[in-house]
Amino acid sequence: MNQCLAFCERAGWRADQIVQIVSPGRMTPPLKRIGLKLRRRIDTWRATPAAREAGPLRIVASGAAAERVVAAYRSLYGEHLFAAFSGRPSWSAPIFDVALVPRHSLKPGEQESGFGLPAAKRSILRRGVPVRRAPASSDAPQGVFAMIGGVNKAFEIDPDRIVAQIERLLENGAPPPFTVAFSRRTPAGVESWLRAALGDRVFFVDRRDRAGFETALVGAAEYVVTPDSLTMLCEACDTGKPVRVFDLVCFDPGSTTARCVQDLLDGGEVALAPDGEPTPPPAGCFEASGAAVEIYEQWEARRLQQA
(Lines give C-alpha, C1' and ligand atoms only; values in the text may rest on other atoms or scores of the structure.)
Protein backbone atom coordinates (compact mmCIF):
# COMPACT_ATOMS: atom_id res chain seq x y z
CA MET A 1 0.00 0.00 0.00
CA ASN A 2 2.81 2.43 0.84
CA GLN A 3 4.33 1.91 -2.61
CA CYS A 4 1.00 2.85 -4.21
CA LEU A 5 0.64 5.91 -1.98
CA ALA A 6 4.21 6.90 -2.88
CA PHE A 7 3.23 6.98 -6.56
CA CYS A 8 0.13 9.04 -5.76
CA GLU A 9 2.22 11.56 -3.83
CA ARG A 10 4.72 11.83 -6.70
CA ALA A 11 1.87 12.46 -9.16
CA GLY A 12 0.15 14.93 -6.84
CA TRP A 13 -2.96 12.78 -6.39
CA ARG A 14 -5.15 12.24 -3.36
CA ALA A 15 -6.13 8.63 -2.71
CA ASP A 16 -9.94 8.75 -2.72
CA GLN A 17 -10.25 5.05 -1.91
CA ILE A 18 -7.84 2.44 -0.55
CA VAL A 19 -8.66 -1.21 -1.26
CA GLN A 20 -6.64 -3.90 0.52
CA ILE A 21 -6.80 -7.55 -0.51
CA VAL A 22 -5.45 -9.98 2.07
CA SER A 23 -3.13 -12.62 0.64
CA PRO A 24 -0.78 -15.24 2.14
CA GLY A 25 2.97 -14.80 1.83
CA ARG A 26 5.67 -17.34 1.21
CA MET A 27 6.34 -17.82 4.94
CA THR A 28 2.66 -18.02 5.98
CA PRO A 29 1.99 -21.23 8.01
CA PRO A 30 -0.16 -23.84 6.17
CA LEU A 31 -3.27 -23.53 8.36
CA LYS A 32 -3.25 -19.74 8.27
CA ARG A 33 -2.65 -19.89 4.50
CA ILE A 34 -6.00 -21.65 3.99
CA GLY A 35 -7.86 -18.89 5.84
CA LEU A 36 -6.04 -16.10 4.01
CA LYS A 37 -6.76 -17.67 0.62
CA LEU A 38 -10.46 -17.67 1.49
CA ARG A 39 -10.27 -14.05 2.60
CA ARG A 40 -8.45 -13.16 -0.62
CA ARG A 41 -11.35 -14.58 -2.66
CA ILE A 42 -13.86 -12.61 -0.62
CA ASP A 43 -11.82 -9.38 -0.82
CA THR A 44 -11.36 -9.82 -4.58
CA TRP A 45 -15.09 -10.39 -5.09
CA ARG A 46 -15.91 -7.25 -3.08
CA ALA A 47 -13.36 -5.14 -4.97
CA THR A 48 -14.39 -6.28 -8.46
CA PRO A 49 -16.63 -3.67 -10.14
CA ALA A 50 -20.12 -4.63 -11.27
CA ALA A 51 -20.67 -1.60 -13.51
CA ARG A 52 -18.83 1.43 -14.80
CA GLU A 53 -19.27 4.83 -13.21
CA ALA A 54 -19.17 8.08 -15.17
CA GLY A 55 -15.83 9.72 -15.94
CA PRO A 56 -12.24 8.48 -16.11
CA LEU A 57 -10.52 6.46 -13.39
CA ARG A 58 -6.98 6.20 -12.02
CA ILE A 59 -5.72 3.09 -10.22
CA VAL A 60 -2.36 2.39 -8.61
CA ALA A 61 -1.93 -1.25 -7.61
CA SER A 62 0.65 -3.62 -6.18
CA GLY A 63 0.63 -7.36 -5.53
CA ALA A 64 -0.65 -10.27 -7.60
CA ALA A 65 -4.02 -10.25 -5.81
CA ALA A 66 -4.84 -6.85 -7.35
CA GLU A 67 -4.37 -7.89 -10.99
CA ARG A 68 -7.73 -9.65 -11.42
CA VAL A 69 -9.53 -6.57 -10.07
CA VAL A 70 -7.64 -4.20 -12.39
CA ALA A 71 -8.40 -6.48 -15.35
CA ALA A 72 -12.13 -6.17 -14.54
CA TYR A 73 -11.86 -2.39 -14.40
CA ARG A 74 -9.97 -2.38 -17.71
CA SER A 75 -12.74 -4.36 -19.42
CA LEU A 76 -15.29 -1.78 -18.23
CA TYR A 77 -13.35 1.47 -18.70
CA GLY A 78 -11.05 0.68 -21.62
CA GLU A 79 -8.87 3.69 -22.45
CA HIS A 80 -10.70 5.79 -19.84
CA LEU A 81 -8.68 3.97 -17.17
CA PHE A 82 -5.09 4.83 -16.26
CA ALA A 83 -3.55 1.99 -14.25
CA ALA A 84 -0.06 1.84 -12.75
CA PHE A 85 1.55 -1.12 -10.99
CA SER A 86 4.40 -1.20 -8.48
CA GLY A 87 6.13 -4.55 -8.80
CA ARG A 88 6.29 -7.24 -11.47
CA PRO A 89 2.76 -7.96 -12.78
CA SER A 90 2.12 -11.38 -14.32
CA TRP A 91 -1.14 -10.81 -16.21
CA SER A 92 -0.99 -12.02 -19.82
CA ALA A 93 -2.64 -8.92 -21.37
CA PRO A 94 -1.67 -5.21 -21.07
CA ILE A 95 -4.07 -4.15 -18.31
CA PHE A 96 -1.59 -1.57 -16.93
CA ASP A 97 -0.42 1.60 -18.65
CA VAL A 98 2.88 1.47 -16.78
CA ALA A 99 4.62 -0.94 -14.41
CA LEU A 100 7.42 0.10 -12.06
CA VAL A 101 9.37 -3.15 -12.06
CA PRO A 102 12.13 -3.76 -9.47
CA ARG A 103 15.48 -4.56 -11.03
CA HIS A 104 16.00 -7.30 -8.46
CA SER A 105 13.02 -9.18 -9.95
CA LEU A 106 14.83 -9.81 -13.25
CA LYS A 107 15.04 -13.51 -14.05
CA PRO A 108 18.14 -15.32 -15.33
CA GLY A 109 18.74 -14.34 -18.94
CA GLU A 110 16.54 -11.21 -18.82
CA GLN A 111 18.31 -8.04 -19.94
CA GLU A 112 17.61 -4.50 -18.80
CA SER A 113 17.84 -3.22 -22.38
CA GLY A 114 14.46 -3.48 -24.09
CA PHE A 115 12.84 -5.04 -21.04
CA GLY A 116 9.04 -5.32 -21.10
CA LEU A 117 6.18 -7.35 -19.66
CA PRO A 118 2.92 -8.46 -21.32
CA ALA A 119 0.87 -7.01 -18.44
CA ALA A 120 1.94 -3.39 -19.09
CA LYS A 121 2.13 -1.09 -22.10
CA ARG A 122 5.33 0.37 -20.62
CA SER A 123 7.70 -1.22 -18.11
CA ILE A 124 10.16 0.94 -16.17
CA LEU A 125 12.94 -0.80 -14.26
CA ARG A 126 13.83 0.70 -10.88
CA ARG A 127 16.06 -0.07 -7.92
CA GLY A 128 14.65 -0.79 -4.50
CA VAL A 129 11.01 0.12 -3.82
CA PRO A 130 9.30 3.52 -4.14
CA VAL A 131 8.75 5.21 -0.79
CA ARG A 132 6.65 8.05 0.54
CA ARG A 133 8.21 11.38 1.37
CA ALA A 134 9.16 11.67 5.02
CA PRO A 135 7.97 14.83 6.83
CA ALA A 136 10.57 17.57 6.99
CA SER A 137 12.31 18.25 10.32
CA SER A 138 13.30 21.73 11.47
CA ASP A 139 15.84 20.35 13.95
CA ALA A 140 19.40 19.27 13.17
CA PRO A 141 19.55 15.47 12.74
CA GLN A 142 21.11 13.55 15.57
CA GLY A 143 21.57 9.99 16.78
CA VAL A 144 21.02 6.57 15.25
CA PHE A 145 17.66 5.06 14.37
CA ALA A 146 17.49 1.24 14.24
CA MET A 147 14.52 -0.35 12.47
CA ILE A 148 13.69 -3.98 13.26
CA GLY A 149 11.52 -6.06 10.91
CA GLY A 150 10.19 -9.58 11.22
CA VAL A 151 9.25 -12.83 9.51
CA ASN A 152 10.30 -12.79 5.87
CA LYS A 153 11.41 -14.99 2.97
CA ALA A 154 15.17 -14.40 3.08
CA PHE A 155 16.71 -13.48 6.45
CA GLU A 156 16.71 -14.84 10.01
CA ILE A 157 15.67 -12.14 12.49
CA ASP A 158 18.16 -13.31 15.13
CA PRO A 159 17.87 -11.18 18.30
CA ASP A 160 21.31 -12.28 19.55
CA ARG A 161 23.02 -11.03 16.38
CA ILE A 162 21.02 -7.80 16.41
CA VAL A 163 21.86 -7.08 20.06
CA ALA A 164 25.54 -7.87 19.49
CA GLN A 165 25.73 -5.48 16.54
CA ILE A 166 23.89 -2.70 18.37
CA GLU A 167 26.28 -3.12 21.32
CA ARG A 168 29.22 -2.91 18.92
CA LEU A 169 27.82 0.29 17.40
CA LEU A 170 27.41 1.76 20.89
CA GLU A 171 30.98 0.75 21.80
CA ASN A 172 32.24 2.36 18.58
CA GLY A 173 30.76 5.70 19.64
CA ALA A 174 27.45 5.78 17.79
CA PRO A 175 26.07 9.32 18.22
CA PRO A 176 23.26 9.54 20.79
CA PRO A 177 20.40 9.06 21.08
CA PHE A 178 20.15 5.46 19.86
CA THR A 179 16.49 4.69 19.06
CA VAL A 180 15.00 1.29 18.19
CA ALA A 181 11.63 0.80 16.46
CA PHE A 182 9.76 -2.42 15.76
CA SER A 183 7.62 -3.45 12.81
CA ARG A 184 4.18 -4.99 13.11
CA ARG A 185 5.89 -8.14 11.74
CA THR A 186 8.47 -8.29 14.53
CA PRO A 187 7.92 -11.45 16.61
CA ALA A 188 6.97 -10.62 20.19
CA GLY A 189 9.85 -12.76 21.44
CA VAL A 190 12.39 -10.79 19.41
CA GLU A 191 11.04 -7.49 20.72
CA SER A 192 11.07 -8.72 24.33
CA TRP A 193 14.63 -10.02 23.94
CA LEU A 194 15.91 -6.69 22.59
CA ARG A 195 14.13 -4.67 25.26
CA ALA A 196 15.54 -6.86 28.02
CA ALA A 197 19.07 -7.03 26.61
CA LEU A 198 19.46 -3.34 25.76
CA GLY A 199 17.54 -1.92 28.72
CA ASP A 200 17.87 1.81 29.23
CA ARG A 201 20.86 2.15 26.89
CA VAL A 202 18.52 2.88 23.98
CA PHE A 203 15.09 4.44 23.43
CA PHE A 204 12.26 2.28 22.06
CA VAL A 205 9.39 3.16 19.71
CA ASP A 206 6.27 0.99 19.96
CA ARG A 207 5.31 -0.93 16.81
CA ARG A 208 1.93 0.84 16.66
CA ASP A 209 3.37 4.34 17.13
CA ARG A 210 3.55 5.57 13.50
CA ALA A 211 3.97 9.19 14.61
CA GLY A 212 6.90 8.21 16.84
CA PHE A 213 8.40 6.21 13.98
CA GLU A 214 8.20 9.18 11.57
CA THR A 215 9.66 11.54 14.18
CA ALA A 216 12.62 9.21 14.74
CA LEU A 217 13.03 8.67 10.98
CA VAL A 218 13.33 12.35 10.09
CA GLY A 219 15.26 13.28 13.23
CA ALA A 220 18.08 10.71 13.00
CA ALA A 221 21.54 11.42 11.62
CA GLU A 222 22.06 7.81 10.47
CA TYR A 223 20.28 4.47 10.34
CA VAL A 224 20.72 0.74 10.81
CA VAL A 225 17.99 -1.52 9.40
CA THR A 226 17.24 -5.25 9.30
CA PRO A 227 17.45 -6.47 5.67
CA ASP A 228 14.00 -8.10 5.58
CA SER A 229 12.07 -4.86 5.02
CA LEU A 230 12.88 -3.25 1.68
CA THR A 231 10.46 -0.43 2.48
CA MET A 232 12.23 0.52 5.72
CA LEU A 233 15.62 0.19 4.06
CA CYS A 234 14.66 2.41 1.12
CA GLU A 235 12.89 4.90 3.43
CA ALA A 236 16.18 5.32 5.27
CA CYS A 237 18.21 5.63 2.05
CA ASP A 238 15.74 8.18 0.65
CA THR A 239 16.65 10.65 3.42
CA GLY A 240 20.15 11.06 1.98
CA LYS A 241 21.79 10.06 5.29
CA PRO A 242 24.18 7.16 6.06
CA VAL A 243 22.51 3.73 6.22
CA ARG A 244 23.78 0.39 7.54
CA VAL A 245 22.03 -2.95 7.27
CA PHE A 246 22.25 -5.54 10.05
CA ASP A 247 24.42 -8.52 9.12
CA LEU A 248 21.91 -11.38 9.45
CA VAL A 249 21.97 -14.96 8.16
CA CYS A 250 20.38 -15.24 4.71
CA PHE A 251 18.69 -18.60 4.15
CA ASP A 252 17.63 -17.82 0.54
CA PRO A 253 20.20 -15.73 -1.35
CA GLY A 254 18.21 -16.20 -4.56
CA SER A 255 15.06 -14.51 -3.22
CA THR A 256 14.10 -11.10 -4.58
CA THR A 257 14.52 -9.60 -1.10
CA ALA A 258 18.09 -10.86 -0.76
CA ARG A 259 18.94 -9.77 -4.32
CA CYS A 260 17.64 -6.26 -3.66
CA VAL A 261 19.70 -5.91 -0.46
CA GLN A 262 22.80 -7.17 -2.26
CA ASP A 263 22.17 -4.70 -5.09
CA LEU A 264 22.05 -1.85 -2.57
CA LEU A 265 25.25 -3.08 -0.91
CA ASP A 266 27.00 -3.41 -4.28
CA GLY A 267 25.77 0.03 -5.32
CA GLY A 268 27.09 1.64 -2.13
CA GLU A 269 23.74 2.99 -0.89
CA VAL A 270 24.12 0.92 2.29
CA ALA A 271 26.99 -0.66 4.24
CA LEU A 272 27.06 -3.78 6.39
CA ALA A 273 26.72 -3.27 10.16
CA PRO A 274 28.38 -2.86 12.52
CA ASP A 275 31.71 -1.82 11.00
CA GLY A 276 30.85 -0.86 7.43
CA GLU A 277 31.25 2.80 6.49
CA PRO A 278 28.21 3.94 4.51
CA THR A 279 28.30 6.65 1.88
CA PRO A 280 25.08 8.68 2.02
CA PRO A 281 23.00 8.24 -1.16
CA PRO A 282 21.36 11.31 -2.73
CA ALA A 283 18.13 12.34 -1.02
CA GLY A 284 15.01 11.32 -2.92
CA CYS A 285 16.75 8.43 -4.68
CA PHE A 286 13.79 6.10 -4.08
CA GLU A 287 10.93 8.40 -4.96
CA ALA A 288 8.46 7.00 -7.49
CA SER A 289 9.62 7.40 -11.07
CA GLY A 290 9.09 10.76 -12.71
CA ALA A 291 9.02 8.95 -16.06
CA ALA A 292 5.90 7.07 -14.93
CA VAL A 293 4.23 10.36 -14.03
CA GLU A 294 5.07 11.66 -17.52
CA ILE A 295 3.33 8.62 -19.02
CA TYR A 296 0.24 9.55 -17.01
CA GLU A 297 0.44 13.19 -18.16
CA GLN A 298 0.57 12.01 -21.79
CA TRP A 299 -2.49 9.81 -21.14
CA GLU A 300 -4.34 12.75 -19.60
CA ALA A 301 -3.45 15.03 -22.55
CA ARG A 302 -4.80 12.46 -25.05
CA ARG A 303 -7.98 12.06 -23.01
CA LEU A 304 -8.63 15.81 -22.99
CA GLN A 305 -8.03 16.06 -26.73
CA GLN A 306 -10.58 13.33 -27.36
CA ALA A 307 -13.17 14.84 -25.00
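List of remarks:
- Isotropically averaged projected area of region 97-160, using the convex hull of Cα atoms (one quarter of hull area), nm²: 8.3 nm²
- For the chain, size of Cβ-based charge dipole, Lys and Arg +1, Asp and Glu -1, in debye: 1560 debye
- Its Cα gyration tensor gives region 238-307 an equivalent ellipsoid. The semi-axes, each the square root of 5 times an eigenvalue, are 37, 16, 7 Å from largest down.
- For region 74-81, 3J(HN,Hα) per residue [Karplus equation, 6.51 cos²θ - 1.76 cosθ + 1.60, θ = phi - 60°, Hz, x = Gly/Pro]: 4, 5, 8, 9, x, 6, 8, 10
- Largest to smallest in accessible area, the residues 168, 184 fall in the order 184, 168 (1.4 Å probe, all protein chains included).
- Where only alpha carbons of region 162-307 are counted, the Rg and the Dmax (Å): 18.5, 66
- A cut-off of 5 Å between modelled amide H atoms, ignoring neighbours fewer than 5 places along the same chain, links residue 23 with no other residue.
- Think of the chain as a dipole: +1 on every Lys or Arg Cβ, -1 on every Asp or Glu Cβ, centred on the Cα centre; then among 123, 45, 280, 45 lies furthest on the positive end.
- Built amide H within the under 5 Å cut-off of residue 122, gap 5+: 98, 99
- Net lengthening on full extension, residue 283/residue 161 (0.36 nm per residue, minus Cα-Cα): 41.0 nm
- Euclidean distance between Cα centres, region 1-52 to region 176-235, Å: 26 Å
- Average accessible surface area per residue within the chain, 1.4 Å rolling probe, Å²: 51 Å²
- Cα→Cβ-extended label distance, 7 Å offset, between residue 306 and residue 266, nm: 4.1 nm
- Region 169-182 - phi-based ³J(HN,Hα) in whole Hz, Karplus 6.51/-1.76/1.60, Gly and Pro as x: 4, 5, 5, 7, x, 4, x, x, x, 9, 10, 10, 10, 10
- Label sites at residue 170 and residue 200, each approximated as a point 7 angstrom past Cα along Cα to Cβ, lie 1.2 nm apart.
- Database remark: amide H of residue 225 closer than 5 angstrom to the amide H of 147, 244, 245, 246 (H placed geometrically; neighbours at sequence offset of 5 or more, or on other chains; Pro and chain starts carry no H).
- For region 175-214, backbone nitrogen atoms closer than 17 Å to the point 7 Å from residue 36 Cα along Cα-to-C-beta are found at 183-188.
- Along the axis of the charge dipole computed for region 164-278 (Cβ charges of +1 for Lys and Arg, -1 for Asp and Glu, origin at the Cα centre), the listed residues 169, 227, 216 are led at the positive end by 216.
- Partner aspartates and glutamates whose Cα lies under 13 Å from the Cα of residue 153, excluding those fewer than 8 positions away in the same chain, are identified as 228, 252.
- For the pair residue 297 and residue 107 in one chain, pulling the backbone fully straight at 0.36 nm per residue adds 65.3 nm over the alpha carbon distance.
- Identified option (computed Cα extents along the principal axes in Å; candidates [x] 74, 47, 39; [y] 65, 44, 41; [z] 57, 57, 38): [y]
- Helical runs assigned H by DSSP (4 residues or longer) give the chain a calculated mean residue ellipticity at 222 nm of -11500 deg cm²/dmol, each run adding -39500 (n - 2.57) before division by the residue total.
- Element breakdown for region 130-240 at a 1.4 angstrom probe: carbon and sulfur atoms account for 51% of the accessible area.
- Site pair residue 121 and residue 72 shows an inter-label distance of 2.3 nm when each label is modelled 7 Å from Cα along Cα→Cβ.
- Relative packing of peptides 81-89, 58-66, 283-291 - highest average C-beta neighbours within 10 Å first: 81-89, 58-66, 283-291
The values are calculated or read from the model by the stated rules, or taken from the named source; none is laboratory data. The shown structure was predicted, so the numbers you read here are calculated from the model rather than taken from an experiment. Heads up, the Cβs are rebuilt from the backbone with ideal geometry, glycines too, and the neighbour counts pull from every protein chain shown. Areas reflect the complete protein model, heavy atoms only, side chains present, ligands, DNA and RNA absent. Shrake-Rupley method; radii C 1.70, N 1.55, O 1.52, S 1.80 Å.
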